[in-house]
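To start, the structure under review is shown below, and the notes come after it.
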Amino acid sequence: MARPDLSGLSLLIAGGGPDAFAAVEDAFQEYGGVVFRISVLGDAIEFAARRAVDVVLADAALFDRTTVELIDSLTANSVVYLATDGSAGDAAEFFTPGVEDYIHKQIDPRRFIQMVVTRLVRQHGGSTALTVTDPLISKLRPYFLFRSPAMRQALLSLPSIAASNQTVLISGETGTGKEIVARAIHVLSKRQSGPFMAVNCGAIPEGLIEGELFGHEKGAFTGASKTRKGKFEATNNGTLFLDEIGDMPLLLQVRLLRVLEERHIYRVGGERPIPINVRVITASRVGLKQAVADGLFRDDLYYRLNILRIHLPPLRERIEDIPYLAFHFLGRALAEMGVEPPYPPLSPASIDLIEGLQWKGNVRELRNVMTRVATVLPHGIKQVLPIHVSPHLEDTEPQPHCLQKHEESGNGIFIPIGTPLDEAEGQIIKETLKHTGNNRTQTAKILKIGIRTLRRKLSESGQIDP
Ligand SMILES: Nc1ncnc2c1ncn2[C@@H]1O[C@H](COP(=O)(O)OP(=O)(O)OP(=O)(O)O)[C@@H](O)[C@H]1O
Ligand SMILES: [Mg+2]
């Protein structure tokens, strides 16, 4: 194979003794990756989630029937390989869901790296080279976290956008991270040592925005007792982030366009052009194009701002990020409360629960919920269970998609009155399995139960092989 590039990727070796997997460790590092070693299972899980480890290679001997649930919290965030010595075949079979693969402890390191590369390239949509995406993710950490293919896709051009000097338009629902992306562009750009400022055009009264942006001369209006610089001057050689640009009054839109074209400003009441070197990044929650169509936003400004574009998908369209961010925010809140790590992972059922919600407030809402969860979390618990999470969800509606699909397809089953409950349950499971083409993960999700609960119910009912 061509020499793999693992730069930006991390591998956690969990258990196996101090010298185990030494050849894999050497090879991973030789190709540019970073390797961590942790011998205790709980510490490894906590570490993998907090550091966003890409790959975990764990000694299968770390897991037994009592710890098996913990695999789920690892697989939520990382690609997990379990290493066995060949004798643990039965135990290994027991762990199956979520584990990427089982490998022999003496695996040829080149083969292992090949597996990792193949797996991660697939995750990146097949066509994307690892070298393009993963350094991006590591550059953005720790303040911007994601692992979903949808976000990788959305941010793929971020480094080249940052390197250019053009205006950028960032769109996305509330709480999707528009401001963080604007800051990331600034930090990754040549202007990083210059100032960054955000102005929320929607929050400033119409009459004041002009002065806020361009400043004013002494005596420009009653009360203007001294000259004041505006945000454009204050961010000279830096980046000015104009949030909610759609709320900018039409008259001011004309002025902004002129400033972008001519690269100088006039203070309110001033006649002298003041040259400025500012990169403008704008953001909008609403579709600006629609605002243009409605005559509320100037089309010439729209085209000027829309040169480079980043659209952030809502959280419900990047479900892979939900457990990852949730654990991150939980850990952060607990750390702020002075609680010592390791922090309890979310149980599979809790993950199912939060993955199934709408998150209209997106990442901000998830962060607030997890902060509330952390505040009242009982000490010493092993996992965060749905009973710890659900009381904080009152405003969060479940995703309607399952229901909708159901209505659309007209799928359903008839259960006559008098059917014993366990039998009815069995039928529902059976039909849902049929509906998903025997996909157990999806079935569990639709039924809002953990995959392990599903397996247990299947084996208990005896109707279907576990
Ligand atoms: N990918 C992410 N990783 C970590 N934190 C995030 C991420 N996305 C958003 N956040 C956090 O969520 C909150 C909301 O993000 P931000 O303010 O950037 O959203 P926004 O799109 O500008 O929202 P609004 O439209 O309401 O202004 C912030 O506290 C931010 O730190
Ligand atoms: Mg914002």
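The values are calculated or read from the model by the stated rules, or taken from the named source; none is laboratory data. Nothing here was measured: the structure is a model prediction, and the numbers come from that model. All Cβ positions, even for glycine, are placed from backbone atoms using ideal geometry, and neighbour counts span all protein chains on display.
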_Among (1) away from ligand 2 (no atom under 16 Å from the Cβ); (2) surrounded by 21 or more Cβ atoms within 10 Å (Cβ to Cβ); (3) not hydroxyl-bearing (S, T, Y), there is one condition V181 misses while meeting the rest; what is its number?_
(1)
_Meets criteria (surrounded by fewer than 20 Cβ atoms within 10 Å (Cβ to Cβ) and among the small types (G, A, S)) for A293_ = yes
*Given (1) over 27 Å from G177 (Cβ atoms); (2) modelled with pLDDT of 95 or more, where does L250 come up short, assuming only one miss?*
(2)
*Which condition number in (1) modelled with pLDDT under 95; (2) within 29 Å of the chain's Cα centre (by Cα) is the one that A283 fails?*
(1)
*Here are some residues: G211, G230. Which one is touching a Leu at 6+ places or on another chain (Cβ under 7 Å) and crowded, with 16+ Cβ neighbours inside 10 Å?*
G230
*In the range 300-316, is there at least one residue being crowded, with 20+ Cβ neighbours inside 10 Å and either at pLDDT below 90 or over 30 Å from L257 (Cβ atoms) (or both)?*
yes
*Does the range 417-424 contain at least one residue that is among the small types (G, A, S), over 20 Å from R318 (Cα atoms), surrounded by 12 or more Cβ atoms within 10 Å (Cβ to Cβ) and at pLDDT below 85?*
yes
*Among the residues of the range 191-208, write down those that are touching a helix residue (DSSP H, G or I) at 6+ places or on another chain (Cβ under 7 Å), surrounded by 16 or more Cβ atoms within 10 Å (Cβ to Cβ) and assigned to a loop (DSSP other than H, G, I, E, B).*
C201, I204
*Among the residues of the range 353-373 satisfying the criterion of being surrounded by fewer than 17 Cβ atoms within 10 Å (Cβ to Cβ) and in contact (Cβ under 8 Å) with a residue 60 or more places away in the chain, which is farthest from ligand 2 (Cβ to nearest atom)?*
K360
*For H264, are the conditions met, namely being away from ligand 2 (no atom under 16 Å from the Cβ), surrounded by fewer than 16 Cβ atoms within 10 Å (Cβ to Cβ) and of a type outside the set (G, A, S)?*
yes
*Can you tell me which residue within the range 46-94, out of those that are β-branched (V, I, T) and modelled with pLDDT under 80, is nearest to the chain's Cα centre (by Cα)?*
T75
_Members of the range 270-293 found to be in contact with a strand residue (DSSP E or B) (Cβ under 7 Å, 6 or more places away or on another chain) and of a type in the set (G, A, S), listed by number_ = A283, S284
*Go over the candidates R279, R285, R267, R309 one by one and state the one that is closer than 24 Å to K231 by Cα, touching a Lys or Arg at 6+ places or on another chain (Cβ under 9 Å) and within 16 Å of ligand 1 (Cβ to nearest atom).*
R285
*What is the number of the single condition among (1) more than 16 Å from ligand 1 (Cβ to nearest atom); (2) touching a strand residue (DSSP E or B) at 6+ places or on another chain (Cβ under 8 Å); (3) of a type in the set (A, V, I, L, M, F, W, C) that L242 does not meet?*
(1)
_Tabulated pairs, the range 175-186, first assigned by TED's automatic domain parsing to the domain that holds L240, second among the acidic types (D, E) and within 8 Å of ligand 2 (Cβ to nearest atom), C-beta under 9 angstrom, 6+ apart or interchain_ = K178/D243; E179/D243; A182/D243
*Given L156, L169, L188, which one is buried (at least 20 other Cβ atoms within 10 Å of the Cβ) and either more than 21 Å from Q358 (Cβ to Cβ) or at pLDDT 90 or above (or both)?*
L169
_Tell me whether the range 6-15 contains one or more residues that are closer than 22 Å to D321 by Cα, modelled with pLDDT of 85 or more and out of contact with any helix residue (DSSP H, G or I) (no Cβ under 6 Å at 6 or more places or on another chain)._
yes
_Quick test for you: out of R272, R304, R258, pick the one residue that is more than 16 Å from ligand 2 (Cβ to nearest atom) and in contact (Cβ under 8 Å) with a residue 12 or more places away in the chain._
R304
*Of all residues making up the range 154-178, the number that are part of a loop (DSSP other than H, G, I, E, B), of a type in the set (S, T, N, Q) and within 16 Å of ligand 2 (Cβ to nearest atom)*: 2
